[in-house]
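Input: a single structure, listed below in structure tokens.
Where a number appears in this text, it was derived from the coordinates with a stated rule and is not lab data. Since the model is a prediction, treat every value here as computed from it, not as a measurement. Cβ: placed from backbone, ideal geometry, glycine included. Neighbour counts: every protein chain shown.
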Amino acid sequence: MTETLFHDGRECPVARSLEVIGDRWSLMIVRDAFDDIRRFSEFQKSLGVARNILASRLKALVEVGVFEICPASDGSAYKEYVLTDKGREIFPIVVSLRQWGERFQFEPHETRSILLDNASGEPVMTMAVRSASGKLLGPSDCHRVRIVAHDS
């Protein structure tokens, strides 16, 4: 995760974000954390990932502030990986990827999971990009602007 993915990534928020969560295992670890998985052994069991890869990704996610290591919530000697505020902010990204996958990566007859609202039991609404006034926006409705930082 320390190698640079994009030559011009220093100015691109997408490229910088991919440096942190852009590989499969990192994003799957974060996904599992949203399902309340916190311990190394639980992540390994859920993901089936090699211990060295899991250890490397967890270490990197802690270093960038996505997780913090805390004493086990049950008082045992174990440590837990707990999402920080920064880590919890990844939730809409995971939901967007999930919804894209639900729509395009499964045939109608295939078994899959869906995300439900705990309060209503209903599927969560499809994620959408909206303007400040609430209008639904597509790619042709938006553009990027370069913001130049000035020394103070």
13 Å beta-carbon shell around residue 105, net charge (K/R +1, D/E -1): 0
Choice from 94, 129, 62 showing the highest fluctuation, given a GNM over the chain with Cα pairs closer than 10 Å: 129
Among 84, 126, 111, residue whose mean-square fluctuation peaks in a GNM of the chain (springs only between Cα atoms under 10 Å): 111
Nearest-20 debye value, the chain charge dipole, Cβ charges on Lys, Arg, Asp, Glu: 160
Cα pair count fraction exceeding 20 Å, expressed as % - segment 35-106: 40
Sites residue 130 and residue 69, calculated FRET efficiency, Cβ-Cβ separation with R0 41 Å, nearest 0.05: 0.65
222 nm mean residue ellipticity, helices alone, for the chain (DSSP H n ≥ 4; -39,500 (n - 2.57); rounded to 500): -11500 deg cm²/dmol
Nearest-0.05 FRET efficiency for residue 91 and residue 112, computed from C-beta distance (R0 22 Å): 0.70
Percent of Cα pairs exceeding the 27 Å cut-off, where the set is the chain: 37
Sequence of 125, 28 once ranked by neighbouring C-beta atoms within 10 Å, starting from the fewest: 125, 28
Within a Gaussian network of the chain (alpha carbon springs, distance under 10 Å), most fluctuating of 110, 11, 68: 110
